[in-house]
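Since the structure comes first, as structure tokens, the remarks are kept for the end.
The values are calculated or read from the model by the stated rules, or taken from the named source; none is laboratory data. Bear in mind that the values here come from a model prediction, so they are computed numbers and not experimental data. Neighbour counts are summed over all protein chains in view; Cβ atoms, including those assigned to glycine, are modelled from backbone coordinates with ideal geometry.
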Amino acid sequence: MTIKTEGDRFVVVTRRFAASPEAVYRAHTEPALVQRWMLGPEGWTMPVCINEARPGGKIRYEWKMPGGGGFYLTGEYMELEPYRRIVHVERMHLPDPTPDNHVETRFVADGDGTLMTMRMTLPDAETRSRMLASGMEHGMEASYVRLDGMI
Amino acid sequence: MNEALQTPTLNSAFLALSDPTRRAILARLSQGEATVMELAAPFEMTQPAVSRHLKVLAGAGLITRRAEGTKRPCRLSKSGLEAVDQWLAMLRDALSNNYDRLDHLLVTMKSEK
């Protein structure tokens, strides 16, 4: 996996998976699958996973941490090209919403696997700085904010 | 936890790093100590403008300055930069955990077909 910043508003994450673009795409868009991996630190769970994979569809992930407490993320899908590309916006609620993180995720066949490139665009340098410097310990949201959103 | 890893410090560090001129100044300082005058020359900036950037970098703990007569040469702060590295490593770990789980899930999906 690589994660790097570009310019003053972008964060780019790349990762290769040993599965087809179709499988990796499904793992990002089917709630029953998302709930099995997008969990962040050990012990966290995602009791609520709403993922309406169509343009305009809603996203809502709620994480629960072992000692109680948690946080959630909401978002909307903008574009979906099955098995190839997803464009969505998302923000975390901590509980105040963070500025929108615009995310484009591409899945490209790479031999017998898939190369995923996720490009996150934040509204400005300060937001990116905060995203990078705050709460990455929450894992994927950050992972995805922090990852899906997040360096 | 390392004091330098506290969020306010990291916020100011990442914010300091978000400016291309400040990143260029850090790149220059990675080659060794330099004075404001030496830093201003390649950037075609006035010394006050460079000084403002240095103040931000120093405030974020990324550089230190020492007094040498009327000059105050700057150098990279190892601890400040290490804190940024450590934080990015933690972020990478959090993401890696998720993707490692996804690797296992993808194997399971294949066998469930």
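What to note about this one:
- Residue ID - farthest from A:L33 (Cα to Cα), chosen from residues in the range B:64-113 that are hydroxyl-bearing (S, T, Y) and more than 14 Å from every other protein chain (Cβ to nearest Cβ): B:T70
- Residue check for A:E42: without any contact (Cβ under 8 Å) to a residue 60 or more places away in the chain and either under 12 Å from the mean Cα position of the chain (by Cα) or more than 13 Å from chain B (Cβ to nearest Cβ) (or both): no
Matching residues to (1) at the interface with another protein chain (Cβ under 8 Å from one of its Cβ atoms); (2) crowded, with 20+ Cβ neighbours inside 10 Å; (3) small (G, A, S):
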residue: A:E6; (1), (2), (3): no, no, no
residue: A:R16; (1), (2), (3): no, no, no
residue: A:L33; (1), (2), (3): yes, yes, no
residue: A:R36; (1), (2), (3): yes, no, no
residue: A:M46; (1), (2), (3): no, yes, no
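- For the range B:4-42, the candidate set comprises residues that are within 19 Å of A:E6 (Cα to Cα) and of a type in the set (V, I, T); within that set, the residue that is modelled with the lowest pLDDT is B:T21.
- Complete set of residues in the range B:41-70 that are out of contact with any Phe, Trp or Tyr (no Cβ under 8 Å at 6 or more places or on another chain), of a type in the set (A, V, I, L, M, F, W, C) and under 23 Å from B:A13 (Cβ atoms): B:F43, B:M45, B:A49, B:L54, B:V56, B:L57, B:A58, B:A60, B:L62, B:I63
- For the range A:1-51, the set of residues classified as aromatic (F, W, Y) and part of a strand (DSSP E or B) consists of A:F10, A:F17, listed by residue number.
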